[in-house]
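The values are calculated or read from the model by the stated rules, or taken from the named source; none is laboratory data. As the structure is a prediction and not an experimental result, all values here were calculated from the model. When we count neighbours, we look across all protein chains shown, and the Cβ atoms used for this are built from the backbone with ideal geometry, even at glycine. These area figures cover heavy atoms from the full protein model, side chains too; ligands, DNA and RNA do not enter into them. Shrake-Rupley method; radii C 1.70, N 1.55, O 1.52, S 1.80 Å.
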Amino acid sequence: MTPTFIPDAQLRRAGLSSTTQRRAVLTLLVGRLRPLTAQEVHAELNSSGQHIGLTTVYRALHSLAGVGLLHTFELGGQRAYRHCGAAPHQHLICTRCDAVSECPPGIVATWLNDLHQHTGFVPHPDRLDLRGTCATCAET
Ligand SMILES: [Zn+2]
Ligand SMILES: [Zn+2]
């Protein structure tokens, strides 16, 4: 069940003031599987009639990522941004379509525990990206 998305509330909870630009950028990214670059966010906002400068888009993305509302990814050598859920998760990144899905940390907890038992390495699983092929691409 997805709670109704209220950009104002998310921004305030994260300690950011709710500006028109931040709301526009955040709203655009909500529900997207594939991370978007600043240029893509800029182009989509402008084609939907929201004329926000590229520099402003960059600043908004930077502050949203800074408080953890967006997670950053490398897409073709460029920084891309995705709105992720507030619950802890790992990223499953499709190398064919660039879709990112969220994997609950419970699923990898056993593996991380085994890893520690075997190597003594203490992982900090706050950010773990796993590359592969998503279910949709694997079918084709
Ligand atoms: Zn994430
Ligand atoms: Zn895919």
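If I compute solvent accessible area with a 1.4 Å probe over the protein chains, what percent of it on segment 7-83 is carbon and sulfur? Mind showing how you got there, number by number?
Working: 1960 of 3910 Å².
Answer for segment 7-83 is 50 percent, counting heavy atoms of protein chains only.
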Original post:
Is segment 90-139 best put as rounded, prolate or oblate by its Cα gyration tensor, with a ≥ b ≥ c the root eigenvalues, rounded for a/c under 1.5, and otherwise prolate when a/b is larger than b/c, oblate when not?
Top reply: prolate
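Average projected area of the Cα convex hull of the chain, in nm²? Kindly include the intermediate steps, with their values, before the conclusion.
Numbers: hull surface 41.9 nm².
That works out to 10.5 nm².
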Original post:
Where in segment 82-96 is the amide nitrogen less than 18 Å from a point lying 7 Å along the Cα-to-Cβ axis of TRP111?
Top reply: 88-96
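Can you compute the helix-only [θ] at 222 nm over the chain? Use -39500 (n - 2.57) per DSSP H run of at least 4 residues, normalise by all residues, nearest 500 deg cm²/dmol.
Numbers: 6 runs with 60 residues, N = 140.
Calculated at 222 nm, the ellipticity per residue is -12500 deg cm²/dmol.
Report the charge-dipole magnitude of segment 90-139 in Debye, nearest 20, computed about the Cα centre from +1 at each Lys and Arg Cβ and -1 at each Asp and Glu Cβ. All intermediate terms of the calculation are to be shown ahead of the outcome.
Working: 3 positive and 6 negative charges, 17 e Å.
Computed charge dipole of segment 90-139: roughly 80 debye.
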Subject >> Test item: Cα-centred dipole of the chain, Lys/Arg +1 and Asp/Glu -1 on Cβ, debye >> reply: 400 debye
**OP:** Sort by residue number and report every cysteine in the chain with no other cysteine beta carbon within a distance under 4.7 Å.
**Re:** CYS84, CYS97, CYS103, CYS137
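Could you tally the net charge around THR133, taking each other residue with its Cβ under 11 Å from the Cβ of THR133, Lys/Arg +1 and Asp/Glu -1? The partial results should precede the final answer.
Numbers: positive: ARG96, ARG131; negative: GLU139.
That works out to +1.
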Original post:
Picking from ALA109, ALA138, GLN50, whose Cα lies most toward the positive end of the charge dipole for the chain (charges on Cβ: Lys, Arg +1; Asp, Glu -1)?
Top reply: GLN50
Original post:
Between GLU74 and HIS51, what length in nm is gained on full extension when 0.36 nm per residue of separation is reduced by their alpha carbon distance?
Top reply: 5.7 nm
**OP:** Express as a percent, rounded to the nearest 5, the fraction of DSSP beta bridges in the chain (both residues included) that run antiparallel.
**Re:** 75 percent
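For the chain, what relative contact order do you get, as a whole percent, if you take Cα pairs closer than 8 Å and at least 6 residues apart?
Working: 175 pairs, mean separation 28.7, N = 140.
It rounds to 21 percent for the chain.
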